[in-house]
1. Any residue at all in the stretch 236-257 that's at pLDDT below 85, farther than 23 Å from R203 by Cβ and surrounded by fewer than 20 Cβ atoms within 10 Å (Cβ to Cβ)?
2. Of all residues in the stretch 146-178, count the ones that are outside any strand (DSSP E or B) and open to solvent by 40 Å² or more (accessible area, probe 1.4 Å).
3. Just checking, how many residues over the stretch 179-223 are within 22 Å of S246 (Cα to Cα), β-branched (V, I, T) and at pLDDT 85 or above?
4. Determine whether L219 is outside any helix (DSSP H, G or I), surrounded by fewer than 18 Cβ atoms within 10 Å (Cβ to Cβ) and of a type outside the set (S, T, Y).
5. List every residue pair whose Cβ atoms lie under 6 Å apart, where the two residues are 6 or more positions apart in sequence or sit on different chains, the first residue falls within the stretch 196-208 and is farther than 15 Å from T389 by Cα, and the second residue, located anywhere, is of a type in the set (S, T, N, Q) and open to solvent by 10 Å² or more (accessible area, probe 1.4 Å).
6. So which of A299, A295, A277 is within 23 Å of I359 (Cβ to Cβ), of a type outside the set (S, T, Y) and part of a helix (DSSP H, G or I)?
7. Quick one: would you say A299 is more than 29 Å from the chain's Cα centre (by Cα), touching a residue at least 24 places away in the same chain (Cβ under 8 Å) and under 21 Å from K229 (Cα atoms)?
8. Taking K229 as the residue in question, decide whether it is in contact (Cβ under 8 Å) with a residue 40 or more places away in the chain and not hydrophobic (A, V, I, L, M, F, W, C).
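The values are calculated or read from the model by the stated rules, or taken from the named source; none is laboratory data. This structure is a prediction, so every number in the text was calculated from the model and none was measured. Every residue, glycine among them, receives a Cβ derived from its backbone with ideal geometry; neighbour counts consider all protein chains shown. The area values use the complete protein model at the heavy-atom level, side chains included, leaving out ligands, DNA and RNA. Shrake-Rupley method; radii C 1.70, N 1.55, O 1.52, S 1.80 Å.
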Amino acid sequence: MDDTERDREKRRSALGLMLILLLIFVFVPLLTSTAWVVRNVQDVTTADELASADFPSGLIRIKRDLFSFYPGRLYSPEELESGTIQASDPHAADRKTVSCATCRIVLHLKAGQVYGINGDSATYAQKIWVDGNVLSKVGTVSETADGFVPKTCNYTIYFTAGEKPTVIVMQRSNFVHAYGDFFEVILGPADQITAFINERLLRLELVFGAMFTASVFFLTASLFFESKKELLYFSAACILVAIRSSFVSPKPIMVLFPNLNWYLGHKIECCSLLLAAYFLQLFYNAVFRGVVPKAVQYAGHAITGTCFCIYLLLPSRIYTEMTSWISYLIAIYFLVFLIVLLIGVFRRRSTVCTRGNMIVLLGGAISICLGLLDVLRYRHAADINLMQTGLLILVYVVMLGIMLRMRETELALAEASKREEAILERNHELRQLDNIRTSFLADISHEMRTPLTVMSSYAGLTKMQIKGGKVDTGTLENLDIIQHEAVRLGTMTEQIKLSSVRQEQQHQETLCDLNRMLEEVSRFCAPICAKNNNRIGLKLSPASIQVRVIEDTIFQVLYNLITNANRHSHDSSIMLSDTIADGFAQVRVTDHGTGMDENTMANAFNRGFSPDGSSGLGLPLCKIIIEEHGGTIKIESTPGKGTEILFTIPLTEEASHEYPADSGR
């Protein structure tokens, strides 16, 4: 992956993180606040506030302190009108011991105006009178457990205010829940109450729809990915959160099942949340396999199993009393789980810290923190469900994580494809070189056979003459022929060698645009030059300059020349330029640094010579490369003013025809 692609991937990751933050700061307030749907929901806690409430402009939330409270008995409106029954202080009664009670409130409302009352009866049976008329009956109220029938319901009643003060009487019974606290009620004009109810339902329907869709998505995705377990676990967590969202206030499940048994509904509500947390734990164990110790995982299994049995087997009066402790236990476990997970990821960051995994881990940390806040706020804000909001954020984060994983896989495949192409190209070059070698050996075998035969024949003849004592001028002629053939053999060998080298270079050389190469090397060297506060300038030929070179070696020449210039310059500029003259491309690297004296210029291309303590190999290597390409290199420098190094490369045959030798371009 090149620098441009890396920058692009960083920008994509940053954009994904910004979207996560947007979800947190927008959707958390949107989905957790009960007041966002109606601008003016006024909390009323005193009689004076109630008397001054402005109904036409909003709704009021009436706290229990404003009701006349009669614990332990169920009184009818007629009995309360007699004036012989004294109300009690609602704070004086122990809510664990109050299984039934009557509440009464008198309101001064605008005559002829239609009003609405909205509230919850999550753990009660309830009966409501308005001005002596029964307008709501949920379950069966009773002063004893035998006649009591609970029902889960979010109720709404409407009435028209008369000339006299409006009297509201509520009978409530509770023999199934450990805590008998009465829920607040919302009072206001009928149209605003209706809007309030519809928008609360819309909020939960949004959560349900999003979680259900996410569950189906991850279930389907598990069919196409190898990481099947983690996707199945997350799908299960999503559907369980969707189920629970339909059982919490205002209980949209009652639209489908108006006669739902209270015990069944309450157990489903409690168990679905517990199991959703459990499947989230399994999901993170699967994503970060081997990171969380087995002991911590087994502790999660044990806690979930124990709590599930408590909810499933024990009576509601008992497990509702234990719910707070169960919530704290699960919150502490997930806090420990998160800390252990973060430590484990840090220790194994070299293997597990991919972008996708880190995004998923961030989403998990957010959802766990929101879940902890949910536990801490539950008693004071039961209608605020931070955990399901955290799960919504986590759904998006996991989707983003999957996309990042797919992107990482795509990049890995692309990189593998490039490597495969490079290997195939290299194999092709090796096959060509092997053919060159084979051809070279064949040429040697064929071309050397004649001179070797001549040399062998005349050597044998000379030996016979010497052995027979018949050395004469013919013997000397024989030796001259042997010497001549030996020289011819040496020349022939050198020619074959040069021919082989040219053929090899011909297969390695490629057609390159010199302007593009200068642009690439300037980008590559810019960060290096920035360390000395130098900048690289370009002065390129207006037309493309095509040369046939071994690109990597010319790039190395330019790199060496630029880094040399940078080493001897500070707070200055290094200029790269190219022109065409006399059938050659001319490249200049000019700096305004310390320059060279005459001795340094004379020895600059000698191997090992270095006045500044460097290796002394850079410039000699540049000279060898340029000369192998058929070009020249020279230095012009003035001490204290700077240095210019000029090298030339032959143009391609086509470029030579396009730019005549005297063009001077």
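1. no
2. Let us first name the residues in the stretch 146-178 that are outside any strand (DSSP E or B), namely 146-148, 150-153, 161-165, 174-178.
Remaining after also requiring open to solvent by 40 Å² or more (accessible area, probe 1.4 Å): 146, 151, 163-165, 175.
Of the residues in the stretch 146-178, 6 are outside any strand (DSSP E or B) and open to solvent by 40 Å² or more (accessible area, probe 1.4 Å).
3. 5
4. Values: outside any helix (DSSP H, G or I): no; surrounded by fewer than 18 Cβ atoms within 10 Å (Cβ to Cβ): yes; of a type outside the set (S, T, Y): yes.
No, not satisfied.
5. That search, which allows pairs on different chains as well, returns I197/T156.
6. Values: A299 fails: within 23 Å of I359 (Cβ to Cβ); A295 fails: within 23 Å of I359 (Cβ to Cβ).
After ruling out the rest, the residue left standing is A277.
7. Details: more than 29 Å from the chain's Cα centre (by Cα): yes; touching a residue at least 24 places away in the same chain (Cβ under 8 Å): yes; under 21 Å from K229 (Cα atoms): yes.
Here the answer is yes, as A299 does meet what is asked.
8. So K229 passes the test.
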